[in-house]
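Report on one structure; see the data block that follows.
The values are calculated or read from the model by the stated rules, or taken from the named source; none is laboratory data. Owing to the predicted nature of the structure, the values given are computational and were not obtained by experimental measurement. Please note: Cβ atoms are built from the backbone with ideal geometry, for glycine as well, and neighbour counts cover all protein chains shown. All accessible areas refer to the heavy atoms of the entire protein, side chains included, with ligands and DNA or RNA removed. Shrake-Rupley method; radii C 1.70, N 1.55, O 1.52, S 1.80 Å.
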Amino acid sequence: MLEEAFLVDSTTRFEDGNKANLVVGELVEVTVVNGVAKEIEFERDFGGETGNWREFEREGYVSSVSYDHFMIAGETFYVDAYTEFEDNLKLETLNGVYIDVEGVIIDGKKVAREIEREDD
């Protein structure tokens, strides 16, 4: 088990729990940038997303791409600094590609957290 220290601040996002669930011995996956936790995902579900967050997963062919979003079957998905592109994909190369996108819904917007090529 890897133990590492990091700072939790007001910008830290929690998935499947909240700051009160962050206790010694709890298994978590942490995304850290410059020593600050940007996202903490609990292995055990403590009741879902905090705030207005919910998770989603979709797959399909990308029909259009813009500077901060793309579309699959008429649905809009946004990208941000925390979006991870797998399989050498980039936002600019998504058009016409069959992908699997996982993310969170924040204030009604579907924000991609992971995008990977999917075998159709």
field: Residue among THR76, THR11, THR31 with the largest mean-square fluctuation in a Gaussian network model of the chain, springs linking Cα atoms under 10 Å
entry: THR11
statement: Of every hundred units of 1.4 Å-probe accessible area on the chain, the number belonging to carbon and sulfur atoms, as a percent, is 46 percent
task: Check cross-link reach from LYS19 to the lysines: straight Cα distance under 28 Å, and skip same-chain residues fewer than eight apart.
output: LYS38, LYS109, LYS110
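With loop defined by DSSP as not H, G, I, E or B, and exposure as at most 10 other Cβ atoms within 10 Å, which is the longest segment of the chain clear of exposed GluC sites (Glu not before Pro)?
Numbers: sites that count: GLU3, GLU4, GLU43.
Answer from the scan: 44-120.
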- line: 1/(1 + (r/R0)^6) with r = Cβ-Cβ of ASP119 and GLU75, R0 = 30 Å, i.e. FRET efficiency to nearest 0.05, evaluates to 0.90
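Rounded to the nearest 0.05, what FRET efficiency do ASP9 and ILE106 give with R0 = 22 Å and r taken as the Cβ-Cβ distance? Could you check?
On the way: r = 18 Å, r/R0 = 0.83.
Working from the Cβ atoms, E equals 0.75.
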- prompt: Counting only heavy atoms of protein chains, what accessible area per residue, in Å², does the chain have with a probe of 1.4 Å?
  reply: 63 Å²
- line: Note on the chain: contact order normalised by length, alpha-carbon pairs under 8 Å, 6 or more apart, percent, works out to 21 percent
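Tell me the chymotrypsin sites (Phe, Trp or Tyr not before Pro) within the stretch 61-105 that lie in a loop according to DSSP and have at most 11 other beta-carbon atoms within 10 Å.
Working: sites: TYR61, TYR67, PHE70, PHE77, TYR78, TYR82, PHE85, TYR98; in loops: TYR67, TYR82.
The qualifying sites are TYR67.
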- request: Output the antiparallel fraction of DSSP beta bridges having both residues in the chain, as a percent to the nearest 5.
  value: 80 percent
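Using DSSP loop states and a limit of at most 12 other Cβ atoms within 10 Å to flag trypsin sites (Lys or Arg not before Pro), what is the longest stretch of the chain containing no flagged site?
On the way: sites that count: ARG44, LYS90.
Counting at most 12 other Cβ atoms within 10 Å as exposed, the longest clean stretch of the chain is 45-89.
Provide the percentage of antiparallel DSSP beta bridges, counting only those with both residues in the stretch 67-120; round to the nearest 5. Could you put the intermediate results ahead of the total?
Details: 12 of 15 bridges.
Of those bridges, close to 80 percent are antiparallel.
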task: Determine which aspartates and glutamates satisfy two conditions relative to LYS90: a Cα distance under 20 Å, and not lying fewer than 8 residues away in the same chain.
output: GLU57, GLU59, ASP68, GLU75, ASP80, ASP100, GLU102, GLU114, GLU116, GLU118, ASP119, ASP120
